[in-house]
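What follows is calculated from the coordinates using simple rules that are stated; it is not laboratory data. All figures in this text were calculated on a predicted structure; none of them were measured in a lab. Glycine gets a Cβ as well: all are built from the backbone with ideal geometry, and neighbour counts include every protein chain shown.
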Amino acid sequence: MSQPVLDVRDLRIALNGDPDAQVVKGIDLKIHAGETMCLVGESGSGKSLTSLATMGLLPSVLKPIAGSISLGGEELLTASPRRLRQLRATDMAMIFQEPMTALNPVMRVGQQIAEVLDAHSSMVGSDRRKRVLEMMEHVHLPDVARIYNSFPHQLSGGQRQRIMIAMALVLKPRLLIADEPTTALDVTTQAQILKLIRELREEQGTAVLFITHDMGVVSEIADDVTVLKLGEVMEVQKVDALLRTPRTQYSRDLLKAVPSLIPREPRPALADAVPALETKDLRKVYATATLFGGKKETVAAKDVTLNLQPGRTLGIVGESGSGKSTVARCIVRLIEPTAGSVQVSGTEIATIPQAQLKPHRKRVQIVFQDPFRSLNPRIEVGESIIEGPTNFGVSRADAMKRARELLELVGLPASAVDRFPHQFSGGQRQRIAIARALAMDPDLLVADEAVSALDVSVQDQVLKLLDEIQSRMGIAILFITHDLRVAAQICDDVMVMQRGAVVEYGPAGEVLANPRTDYTRTLIEAAPGRHWDFGAFRPVAGVEPALG
Amino acid sequence: MLRYIAQRILAAIPVMGFVALFVFLLLRLSPGDPAAIIAGDAATPEQLEAIRERLGLNEPIYTQFFDWVSRLLQGDFGTSILSGTPVIDMIMGRLEPTVSLALTTIVLAILIAVPLGVIAAWKHGTLIDRLVMAISVLGFSVPVFVIAYVMIQVFAMNLKWLPVQGFKSIFDGVGPFAERIALPTLTLTLLYIALIARITRTSMLEVMGEDYVRTARAKGLREGRVLMRHALRNCAVPIVTVIGIGFALIISGVVVTESVFNLPGIGRLTVDAVLARDYPVIQAVILLASLVYVVINLLIDIAYVLLDPRIRYA
Amino acid sequence: MTGLADTPASAPPAGPSLASRLRAIFFAGPVTSIATVMLFLIVAMAIFAPLIAPHDPIRLSPATRLKPPSAEFLLGTDAYGRDLLSRVIYGARISLIVGVGAAVFATFIGLVIGLAAGFFRRFDAILMRIVDGLMAIPSILLAIAIVALSGASLWTVLVAITIPEVPRVVRLVRSVVLSAREEPYVEAAISLGSSTPRILVRHLLPNTVPPLIVQGTYICASAILVEAILSFLGAGINPETPTWGNIMAEGRVYFPINPGIILWPGLVLSVAILSINLLGDAVRDALDPRMAKRGIDR
C-alpha cells in the first residue's frame, strides 16, 4: 500500500513533560489519502490532544515526550516552528467544534479566508478574492459576495462551519483534521456538514482525521475507527467490523450505551387519572421596546397544548430556537407565561402571582442541563437537598434523613451529604440534582436537556435511573431534548417543536416511526447512524446501510 | 447602530442631571449656612443677607435648584468670591496648561504602554512580563507627588537638565514648551502607563486563549500577524475604555501635578479655590470635570461601534 | 468524568487548615512575603508609635529647626524643629485608620445597596443612574469639596474618601449578583420555594465575598493615597496632626534645603500602598485568578 498521509507512532504526551503524568499514552494512527479515520472516545480519552499535537498547537503545559508524527514522510514533532507554520493550511488544516468562537468576531469572514492565501501564496488583489469566492461556492454557501463581507455573528452556525471548512481546504491540504466539527450544530445542519466533508474528501482526495464522541456520526463518515480510552488505543478496525464485531469490552459498552432510535415499547395509558400536567394554548412572547415607543415581539412559544399523565414521560424535541426550553421554564414558572393555562395535578398555576406561588412550587421540580452549575459549589450536598423540604416546614433532622435515603436511591452513598459538589463527577452531580428534586415529592419532574452534557455511558446510566425512579414513584416526567435517540428511549409521548410552534404531537412510536410532517421526517433522516442499531451490533432490520 | 448611539446620548443626560444635583446639594447639605460659607469668615450680617438674596437662598430649595441649573445652561457659572470675575472666564484662562499636560501624558502613556502590554502578554511568565508587571504595580502605588519630587530631585536639581517649575505655551515655541512640560508629563504618565499596560496585558492574555487565535495559528500565520490582527484587534474595546476613563479622570492627577510644578492650570485653580473656599469656582470645576467624564464616556461608547461589528450590526 | 464507570468519588482529602491557607496566601512568593513583612512593620509602627518614636511629634522646638540627620534626629528635623522620624512614625496611625475605615465602610454600604440593586429590579434602574452620576465626579475633586465644605476633621476626611468609593462597590456587587442570578442553582432554589431573602443570603451573598475582600484591599490602598493627597494639598486633617501628607506639604518650601522632609514620608507612604496593593493581588490570585479579568481591579 502507498505511504500513509499521516503516520503517528507511539505518541506520548505528558503534563509539563513529566513521564509520570501522561495524558496520551502511546497512540498509533495511520491515515491514507482519501480516507477518513475516526478517533472515538469519551472525555479524557486524549483524542483532541492527538490532533493538536499534529498541528503543533498543544497548550504549552502539555508536551510530546516520545513517539513520532509524520506527515507524508516528514517528521512534525521535531520540525521547526517556521516549518510547521509553512505546513499549516498548505499540507494540514484543522476545523474546530465551535465555529462561532473559532472565527475572529471583528474580521470579515472573506478576509479571514483570504488571509490564508496571503500567508501561503503569492495571490493578490482580485485573483485572491476570486479564489476565496470560488471556495465559498464550493462549500455551498449562498450569496457568496454578500457573505464575503459579513462578520461571523451575522451568519448561521452551519454557514460559519462552512466558512471554517472553506478556510481549511482553500489550499487543498493533504490532511484535514476535524475536531468534533458538528457537535455544536443542530442535527439537520450536522447532516449537511457531514455530507460536505465527505464530498470534499472524495473530490480533493484529502485524508481526514475525524474526532467525535458520537457513534452515529462515526457510522456516517468513517472508513476506519480508532477507539481511545484514557489516552490509550483500545482497538482499530474498519467501521463496519467495529460496529458488528467490536473486539474489546470497552467498545462493546460504548456501543451498547448508544440509545436506539427505535422507540421502546409504549406503556399502557392510565385511564381516568388527573393529569400531572396539562397546558392549554401556552404562549410566551418576548417584547423589546424600540426607540420610538414601539414594540418588537418575538414569539418564543405559541399555543402549546399538552397532557401528561402520572407515571408517564412526555418528550419535547426540537432544534435550538424551537422553544422547547421556553415551554419547560414557563411550566416551572422560572419565566412568566404570556397567555394560556398550565395545570399541575388539576391546579392552575399559570396565573398565580409569584408571591403566592410557593405552595405550588413543590409539585414541579426541574433538573438542568449543566451539572457543574446546577449545584451551589459552596454548599454541602446534603444542605442542597434539604433546602426545599425545610422551606416547607420539614424539620432539618427529618429532611436530612430523607436526603440520605434519596442519595442511596440515586446510586450514591448516604455519606455524600457531607461533601461538596466539586468532589463529584458530572454524572454524579446530575444524580444529586435529581435527588434534590425528588426530595420535594413532586408530581412532575421537568428534565431540561438533563443528559446532554454527559458522556454517552453516563447518559445511559442517568436515563436508566430516571426510568427506575418513575416506575417506583409514579412520577410524571417532562423531558426536553434535542436528541431523538434519547427521546425514543425514554418517552411515551413525543412533541416536536420548531420555531416556537408544535409541529407534531403523539405517542413516541407513532411520531418517531411514522412521522406525519416533513419537518419531523427531516429530523429523523438527519439523525446520524439511524440505520444502525448500535446496541444490537447490527444494522436496523431490513436496511443495509452504506457506510463511510 | 443609530439607535444605539441615540440611546447612549439619551442615557448621558440624566447622569449629568444627577451630577448637577449632587453638586448643588453638596453646598446645601453641608453643615452651616451656605451664605456664610460663600461669604467667608469676615462677613457682616448685611453682606450675608445680600448674598442670600442674590443666590435666592430665601426661596424654596427646588426653585433654587432649577434657577441654578437654568443659569448653568446659559453658561452662567457665577462669579468668583475671591476675584469677582466670572468663573467661566477664570476657567477658560486656565485651560491651556491643563489640556497640554493631559494630552502629552496620555499620548506618551499609550505609545509606551500598549507595546509593553502586548510584549508582556506574548512573553507571558518571562522576565520581561514580570518587569512590566512590576512597573505597573509601582505606577499604581507610588503617589504622583512623590514621583514628582523624585523627578525634581533627579532631573532638575542633581542633573540640572530641566527647569523645576512653570509653564510656557506651545505657541511661544516648542522648545520652551517641551522643556517645561517634560517633568510634569513624565511624572503623571507613569500612572497611565501602569493602567494601560496592565489592561493591555490582561486582555491580550485572555484573547490569546480564545479559539480564533488558535484558528489563526492553525492557518499558518506569522506570530506578529496573529498578535496584531487577531489578538490585539480584539482587545481594542477594553483598552480604549481604559484609556478613555483614564483621560476623563486625569483631573485628579492634574490637581496634584500642577500644584507641585506650579502650572497655572485648572488644577491650581481648584486648589487655590479650595483653600480660599471660593465655592462658585469649586462647583464649576467639579461640573466641568464631570461633563468631560460623561462626554468622553459617550465617545467611548460610540467608538465601540467602530471597533466591534457585533454592536454595529446589532 | 472518565471511562464508563461512574463510581462515587472517594473520601475527600482533608482541607488544609486556615493557618496554612493564610500562610499560602501571604507568603506566596518572595515579593508577597516582603509586602507582608513591610505591612506588618507599618502596622506595628502605628500601634506602638509612643513606644518607638524618639521625640514628641507635635511639640514645637524652634531651637532645632531644619537640622540635618544626626544621631539624635535620625532623619533630621522639620521647619518647626520637630523630629522627622517621630512624625513619620505617628503618621502611620492616621493613614491606617483612614485606609481600614474607608475600606470597611465602603464595602459594607456598597454591599447592602448592591445586593438590593441586584435583586430588586425597580430599585435598580434609579439607583444605577445615581451611581453613574456619582462616578462621573472625579473622586479627588469630590473628596476635596466635601472636606472644604464640612471643615477638616478625621471624620469628614473619612466620609469624603468613602463616598466616592461606594458606587464602585455597588457596581461590583450588583454585577456579581446579576450573573449569579442566572446560575441554574439559583433557579433551582427558586423552584424549591426558597424565599427571596433566603436566596440572597444563602446563594448570592457568598459569591460577593471573595471579590469584596479583594476590592476592600484596593480601597484601603486608594484611601491612604487620597488622604495623603488631601493633606498635601492643604485640604486634609489639620496641619498640626502628623500625617504623611501633612509632613510633605510642610516640606515643600524647604525641599531644596532638606529633601528628606518630603522624600522620607513619601517613601514610607509608597511602601505602605505598594504592600497593600501587592497583598490585594495575592489574595485575588488565591481566591480566584479569573477575577482580574472580570474587572475586579484597582
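The table below gives the values:
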quantity	calculated
Charged-residue dipole, Cβ positions (Lys, Arg, Asp, Glu), region C:35-294 about Cα centre, Debye nearest 20	460 debye
Most fluctuating residue given options C:234, C:76, C:29, as computed from a GNM of chain C linking Cα atoms under 10 Å	C:29
DSSP beta bridge pairing in the protein assembly as shown, given as percent antiparallel to the nearest 5	55 percent
Surface/4 estimate of mean projected area, convex hull on alpha-carbon atoms of chain A, nm²	29.1 nm²
Residue-averaged [θ]222 nm for chain A, counting only DSSP H segments that reach four residues, each worth -39500 (n - 2.57)	-10000 deg cm²/dmol
Whole-Å distance, taken between Cα centres, linking region A:305-372 and region A:423-441	19 Å
Cβ charges +1 (Lys, Arg) and -1 (Asp, Glu), total dipole of region C:150-206, debye	80 debye
Computed E for residue C:80/residue B:71 - FRET, C-beta separation, R0 56 angstrom, nearest 0.05	0.75
MRE, 222 nm, helices only [DSSP H, n ≥ 4, -39500 (n - 2.57), over chain C, to nearest 500]	-22500 deg cm²/dmol
Positive dipole terminus of region A:364-479, leading residue within A:425, A:366, A:478 (C-beta point charges)	A:425
Members of A:302/A:324; A:30/A:229; A:295/A:358; A:130/A:195; A:362/A:401; A:25/A:47 lying beyond 21 Å, as alpha-carbon distances in this model show	A:295/A:358; A:130/A:195
Residue-averaged [θ]222 nm for chain B, counting only DSSP H segments that reach four residues, each worth -39500 (n - 2.57)	-24500 deg cm²/dmol
Column: log10 I(q)/I(0), Debye, Cα scatterers of region A:44-153, q = 0.11, 0.18, 0.21, 0.22 Å⁻¹	-0.46, -1.03, -1.19, -1.24
Order of B:301, A:179 - criterion: other Cβ atoms within 10 Å of each residue's Cβ, fewest first	B:301, A:179
Positive-end residue, the protein assembly as shown charge dipole about Cα centroid, Cβ charges, pick of A:325, A:381, B:64	B:64
Inter-centroid distance (Cα atoms) of region A:101-156 relative to region B:279-308, Å	40 Å
Separation of the residue A:74 and residue A:15 label points, Cα + 7 Å toward Cβ, nm	3.4 nm
Distance from region C:182-199 to region B:250-274 (C-alpha centre basis), Å	52 Å
Vicinal HN-Hα couplings computed from phi for region A:91-99 (Karplus, 6.51 cos²θ - 1.76 cosθ + 1.60; Hz; Gly/Pro x)	10, 9, 9, 9, 10, 10, 5, 10, x
Evaluated at q = 0.09, 0.19 Å⁻¹: base-10 log I(q)/I(0), Debye formula over Cα of region B:161-314	-0.46, -1.16
Cα extents of region B:37-106 along the three principal axes, largest first (Å)	47, 29, 17
Distance in nm between pseudo-label sites at residue C:182 and residue B:88 (7 Å out along the Cβ direction from Cα)	4.6 nm
Rg and Dmax of region A:277-533, Cα atoms only, in Å	18.8, 59
Reachable lysines from residue B:160, criterion Cα separation under 29 angstrom, eight or more residues apart if same chain	B:168, C:67
Residues whose placed amide H lies under 5 Å from that of residue A:300, excluding near-sequence neighbours	A:284, A:285, A:286
Tail fraction, Cα-Cα pairs, region A:9-106, threshold 18 Å, whole percent	51 percent
Residue list for region B:81-125, given a label point 7 angstrom along the Cα-to-Cβ vector of residue A:82 and an amide N cut-off under 18 Å	none
Residues with amide H under 5 Å from that of residue A:26, placed H, sequence gap 5 or more	A:11, A:12, A:13
Shielding by partners - mean other protein chain Cβ count within 10 Å, residues of B:134-143	6
Cα pair distances of region A:158-267 binned at 10 Å [whole percent]	12, 41, 32, 14, 2, 0
Neighbour-count order for C:70, A:122, C:150, fewest beta carbons within 10 angstrom listed first	A:122, C:70, C:150
Vicinal HN-Hα couplings computed from phi for region A:161-177 (Karplus, 6.51 cos²θ - 1.76 cosθ + 1.60; Hz; Gly/Pro x)	5, 5, 4, 4, 5, 4, 5, 6, 9, 4, 9, 6, x, 7, 10, 10, 9
Summed side-chain charge close to residue C:204 - residues other than residue C:204 whose Cβ falls under 12 Å, Lys, Arg +1, Asp, Glu -1	+3
Values of log10 I(q)/I(0), in the order q = 0.12, 0.13, 0.16 Å⁻¹, for region A:99-172 under a Debye, Cα-only, solvent-free model	-0.26, -0.30, -0.46
P(r) histogram, all alpha-carbon pairs of chain B included - 20 Å bins from 0, percent	26, 49, 23, 2, 0
Pairwise Cα inverse-distance average, inverted: Kirkwood Rh of chain C (Å)	21.6 Å
Cα-based convex hull, the protein assembly as shown, per residue volume (Å³, whole number)	215 Å³
